[in-house]
Amino acid sequence: MTAETVSLATLDEIRAAAGRIASVAVKTPLVRAPLGGSGGSIWLKAESLQPIGAFKIRGAANKILQLAPEEIRRGVITYSSGNHAQAVAYVARTLGARAVIVMPSNAPPIKRAATLALGAAVVDVGVASSERLARAEELVREHGYVVVPPYDDREIIAGQATCGLEIVEEMPDADLVLSPVSGGGLLSGVAAAVKQLSPATKVFGVEPELAADAAESYRTGRLTTWPAELTSRTIADGLRTQSVGVRNFAHIRAFVDGIVTVTEAEIRAAMRAIVSTTRLVPEPSGAVTAAALLFHAGELPAYRKAAAILSGGNVDPALLAEVLTESPA
């Protein structure tokens, strides 16, 4: 399979996903955020208020709720640094299914603890996303688990797309939507929903410059993989994936208008700004979109209303305290 041969998610699929996940995920609010920027109004899509504190529950629910009873009995497995792990564990628990999560050794302790608290079994591997995938595939062969991929999957993309569907439904006059990008599940889904409903709205991805594989892939038109020792440098632990998925890249090429990168200092400053202006709690990965609006307005189109997805709020308390009390550079 290549990006050129991928069939793109349709509005019918996305709307079906919205109905399917309604009993598990919540419709999160758009919160006005007086962050400054280029003069237009900024609204944060508060995915940090989902039951597991991140948008990942949308895709996991859409995937798992379509499994056959026999597949549920076999149990589910995924490979994740944290938020998708919690999402799979949460949805599996609601169905009484066993959940096994392959996690990197550098996963944030708060996310590991939350995953265990939801009843999942955790298997540790090294820091590379390729290691997580390889170990998960071994366990599937040994035990017959059903894989719930973190991003490169049609049902996952359709589930994440419901976030974009909600943005357009609540704010149809938004002219700019920003999404974090790691493996590409959220950006590809959101862009598919927004562009099919509101073609004139611009959709941009945002990622750390220390893990800018997606920006490079977008710029060159070819899927690029960065080594784990590079992507693991960023504070944004949810955005350390080494490459965008094939299906995700196809959606990004079809629907996304650009990808910008932000620095570590800008991410930290955006976290402080979000807390002080909205009282929402952002994890670093969720703050990158606000960082783009605050510090990279010249790389973005002019806007009257921008919706920036705050993708999660599962931040380590000690890190949050450090960020909030440090002196700006």
Exclusive hit being without any contact (Cβ under 8 Å) to a residue 60 or more places away in the chain and touching a strand residue (DSSP E or B) at 6+ places or on another chain (Cβ under 8 Å), set Leu210, Leu280, Leu239 | Leu239
Can you name the residue in the stretch 92-113 that is in a helix (DSSP H, G or I), in contact with a Gly (Cβ under 9 Å, 6 or more places away or on another chain) and among the aliphatic types (A, V, I, L, M) and, of all such residues, is surrounded by the most Cβ atoms within 10 Å (Cβ to Cβ)?
-> Ala92
Tell me which residues, restricted to the stretch 236-257, are surrounded by fewer than 24 Cβ atoms within 10 Å (Cβ to Cβ) and polar (S, T, N, Q).
-> Gln242, Ser243
Quick check, is Gly59 on the phi > 0 side of the Ramachandran plot, at pLDDT 95 or above and either among the basic types (Lys, Arg) or buried (at least 16 other Cβ atoms within 10 Å of the Cβ) (or both)?
-> no
How many residues does the stretch 120-145 contain that are over 16 Å from Thr225 (Cβ atoms) and surrounded by 20 or more Cβ atoms within 10 Å (Cβ to Cβ)?
-> 3
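Can you find even one residue in the stretch 303-320 that is farther than 23 Å from Pro150 by Cβ and among the charged types (D, E, K, R)?
Of the residues in the stretch 303-320, the ones farther than 23 Å from Pro150 by Cβ are 303-307, 317-318, 320.
Subset that is among the charged types (D, E, K, R): 304-305.
There is at least one residue in the stretch 303-320 that is farther than 23 Å from Pro150 by Cβ and among the charged types (D, E, K, R).
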State which residue is nearest to the chain's Cα centre (by Cα) when the search covers only the stretch 167-220 and only residues that are within 25 Å of Ala60 (Cα to Cα) and among the charged types (D, E, K, R).
-> Glu207
Within the set of pairs 6 or more residues apart or between chains, which connect a residue that is not assigned by TED's automatic domain parsing to the domain that holds Gly159 inside the stretch 53-67 to a residue that is surrounded by fewer than 24 Cβ atoms within 10 Å (Cβ to Cβ) and acidic (Asp, Glu) with Cβ atoms less than 6 Å apart?
-> Asn62/Glu155; Lys63/Glu155
Being buried (at least 22 other Cβ atoms within 10 Å of the Cβ), on the phi < 0 side of the Ramachandran plot and not hydroxyl-bearing (Ser, Thr, Tyr) is the filter here, so list the residues in the stretch 47-56 that pass it.
-> Glu47, Gln50, Ile52, Ala54, Phe55, Lys56
Within the bounds of the stretch 79-86, is there any residue that is more than 18 Å from Arg20 (Cα to Cα), in contact with a helix residue (DSSP H, G or I) (Cβ under 6 Å, 6 or more places away or on another chain), touching a residue at least 60 places away in the same chain (Cβ under 8 Å) and of a type in the set (Phe, Trp, Tyr)?
-> yes
Of the residues in the stretch 202-235, how many are basic (Lys, Arg) and either buried (at least 17 other Cβ atoms within 10 Å of the Cβ) or in the same structural domain as Pro108 (by TED's automatic domain parsing) (or both)?
-> 1
Can you tell which of Ala61, Ala46, Ala16, Ala85 is farther than 26 Å from Met103 by Cβ and under 22 Å from the mean Cα position of the chain (by Cα)?
-> Ala16
Can you name the residue in the stretch 305-329 that is among the charged types (D, E, K, R) and modelled with pLDDT under 95 and, of all such residues, is nearest to Gly82 (Cα to Cα)?
-> Asp316
Over the stretch 1-42, the set of residues touching a Pro at 6+ places or on another chain (Cβ under 9 Å), surrounded by fewer than 20 Cβ atoms within 10 Å (Cβ to Cβ) and either modelled with pLDDT under 95 or farther than 30 Å from Arg112 by Cα (or both) is Ser41
Within the stretch 26-38, is there a residue that is farther than 22 Å from Leu176 by Cβ and charged (D, E, K, R)?
-> no
Inside the stretch 147-171, the number of residues satisfying the requirement of being surrounded by fewer than 20 Cβ atoms within 10 Å (Cβ to Cβ) and more than 22 Å from Phe249 (Cα to Cα) is 3
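The values are calculated or read from the model by the stated rules, or taken from the named source; none is laboratory data. Note that this is a predicted model, so its numbers are computed, not measured. Cβ atoms come from the backbone with ideal geometry, glycine included; neighbour counts cover every protein chain shown.
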